[in-house]
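The values are calculated or read from the model by the stated rules, or taken from the named source; none is laboratory data. Small disclaimer: the values here were computed from a predicted structure and weren't measured. Every residue, glycine as well, gets a Cβ built from its backbone with ideal geometry; the counts of neighbours run over all protein chains shown.
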Amino acid sequence: MYTQTVVIALLAAIAEARFGQEQGNGAITAIGALTDLGTSGQAATLAGGSIQFLLAAANPCGKLTQADNIVAELGTSDAAIAAARGLVAAEQNFNPFVVSIPSICSDPTLPTTAALRGVVPLIDPAVGGEATENANSATSIVTPFAADGLSVAQVMAAQGFSNFTAVAADGTASAVDASGASSASNATVAVSSAAASAVASVAASSSVACGGTTMVTVTRAATASATASVAAVSVAAAATSAAASTSSSSTAAAGACTGSGSTLVCSAPAAGAGVVTNAVTGNFDGFVASTIAGLDFGICTPTMKFELGLDGRAATAGTFQAIDPQVNKGQEEALNPAIITNRIHDQLTNVCGANQAAKDAAAAAQTQIVALGTRDATTADAWNTALGFAGTNTNPDNAPQTGLVGHT
């Protein structure tokens with residue numbers, strides 16, 4: 001038994017060194033250190049067994065079940081709860097060269113231990129919005145967020161971070177927003193003729209006129225990726241009359257889809273739709289295409305605003321936020337414009353169905369904004385202009401512009 005314990009502890013130590021950069025919170029070491037709890041060698045066994053749940057290929061719900069096991073086997077002392085929370089909060093191994101966003105558990109029943117609920121994980125620094133999420137993770141270990149009936153994925157979205165793929169215990173992928181609604185393979189999805197390359201296989205089987213609006217029945221391949229199915233479904237093969245009326249970039253605001261299984265009935269998107277007046281996301285005047293030839297931002301308008309008093313900030317504090325609610329959904333405003341430009345750039349792939357030229361332009365604009373070093377309305381103007389939206393109103397909510405605190 002002693003030899004086995006030493007070997008397991010050694011494996012845990014090696015794994016801790018391997019995951020040190022990604023994990024960042026010492027979860028494996030903390031579990032192994034609970035030698036005064038449970039039976040002899042039990043803590044080391046749990047520590048060694050927890051390693052597999054931090055591997056990149058692991059189902060993200062696995063570590064939540066393992067955290068429950070730690071409490072079940074080692075008890076509910078403060079030390080055991082702290083170690084189990086550390087595993088829940090640990091960053092799962094992540095390779096940004098292989099995938100662009102992490103996977104988060106969408107099972108609302110996990111973890112089952114009340115003291116572990118409301119804890120959210122760290123995510124890789126390469127992921128857009130990581131500053132928000134990693135700050136939330138640090139907070140949640142001490143003071144967990146409200147999580148009644150919510151999965152870890154839903155809690156994260158409710159706290160302002162949604163740049164991830166939600167994965168159920170059975171491996172089913174979906175998208176989750178702050179309200180808890182998920183989009184699985186049979187859910188309503190946004191539609192963009194610009195997003196054909198984002199979907200593995202979509203066949204338009206029929207097209208009919210419906211109340212003056214072109215409708216198309218779309219058969220979606222089961223092999224299409226979760227991100228692509230949530231982001232957009234191509235209707236380029238049909239609705240040609242609607243496409244003819246769109247802008248030169250052939251983009252439009254999202255059309256409506258109904259149906260189930262692999263078949264959706266979708267109305268063709270219409271340019272200029274999507275006007276929003278909302279107390280949380282702010283005012284949005286609707287879809288506008290870029291004036292720069294070749295930049296197709298899909299169903300989104302990737303503009304940025306700078307206003308005072310956003311999201312409960314002091315009336316003299318100016319912060320940045322995306323204007324289009326499709327882009328800023330789940331992302332709070334920020335003092336640092338780079339956080340918002342990162343979010344916009346990520347959403348071009350995750351939600352908007354933008355073409356590569358538009359993504360490249362956004363990446364170049366991100367570099368430009370960092371180089372400017374400014375944090376005021378001129379920063380938002382520079383971003384908008386770089387992407388072909390010069391003259392955009394950077395104060396669409398008519399926030400007072402007096403007494404501004406400088407952030408340069």
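The set of residues in the range 328-364 that are within 21 Å of residue 133 (Cβ to Cβ) and in a loop (DSSP other than H, G, I, E, B) comprises 329, 330, 331, 332, 333, 335, 336. Evaluated against (1) under 20 Å from residue 81 (Cα atoms); (2) small (Gly, Ala, Ser); (3) in contact with an Asp or Glu (Cβ under 9 Å, 6 or more places away or on another chain), residue 140 falls short on exactly one condition, (3).
Would you mind stating whether residue 56 is farther than 22 Å from residue 162 by Cβ and free of Cβ contacts under 8 Å to residues at least 60 places away in the same chain? So residue 56 fails the test.
Whether any residue in the range 325-340 is basic (Lys, Arg) and over 14 Å from residue 304 (Cα atoms) is what I want to check. Within the range 325-340, not a single residue is basic (Lys, Arg) and over 14 Å from residue 304 (Cα atoms). For the range 280-330, a residue qualifies if it is surrounded by 22 or more Cβ atoms within 10 Å (Cβ to Cβ) and acidic (Asp, Glu), and the qualifying residues are 296, 307, 324. Please enumerate the residues belonging to the range 129-172 that are acidic (Asp, Glu) and touching a Phe, Trp or Tyr at 6+ places or on another chain (Cβ under 7 Å). The one that is acidic (Asp, Glu) and touching a Phe, Trp or Tyr at 6+ places or on another chain (Cβ under 7 Å): 133.
Quick grid of which residues meet (1) assigned by TED's automatic domain parsing to the domain that holds residue 27; (2) outside any helix (DSSP H, G or I); (3) at positive phi:
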{"site": "118", "(1), (2), (3)": "yes, yes, yes"}
{"site": "121", "(1), (2), (3)": "yes, yes, no"}
{"site": "125", "(1), (2), (3)": "yes, yes, no"}
{"site": "135", "(1), (2), (3)": "yes, no, no"}
{"site": "138", "(1), (2), (3)": "yes, no, no"}
{"site": "150", "(1), (2), (3)": "yes, yes, no"}
{"site": "154", "(1), (2), (3)": "yes, no, no"}
{"site": "157", "(1), (2), (3)": "yes, no, no"}
{"site": "161", "(1), (2), (3)": "yes, yes, no"}
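Yes or no, residue by residue, for (1) within 30 Å of residue 338 (Cα to Cα); (2) more than 20 Å from the chain's Cα centre (by Cα); (3) surrounded by 24 or more Cβ atoms within 10 Å (Cβ to Cβ):
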| site | (1), (2), (3) |
| --- | --- |
| 56 | yes, no, no |
| 76 | no, yes, no |
| 120 | yes, no, yes |
| 130 | yes, no, no |
| 141 | yes, yes, no |
| 158 | yes, no, no |
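For the range 383-396, the candidate set comprises residues that are surrounded by fewer than 19 Cβ atoms within 10 Å (Cβ to Cβ) and over 19 Å from residue 293 (Cβ atoms); within that set, the residue that is modelled with the highest pLDDT is 393.
For the range 143-156, the set of residues classified as over 13 Å from the mean Cα position of the chain (by Cα) and either of a type in the set (Gly, Ala, Ser) or modelled with pLDDT under 90 (or both) consists of 146, 147, 148, 149, 151, listed by residue number. In the set 143, 113, 132, 109, which member is of a type outside the set (D, E, K, R) and in contact with a strand residue (DSSP E or B) (Cβ under 8 Å, 6 or more places away or on another chain)? Answer to the selection: 132. The condition (being in contact with a helix residue (DSSP H, G or I) (Cβ under 9 Å, 6 or more places away or on another chain), over 20 Å from residue 39 (Cβ atoms) and of a type in the set (Asp, Glu)) is satisfied by just one residue among 73, 91: 91. Filtering the range 303-327 to residues that are modelled with pLDDT of 90 or more and assigned to a loop (DSSP other than H, G, I, E, B) leaves 303, 323, 324.
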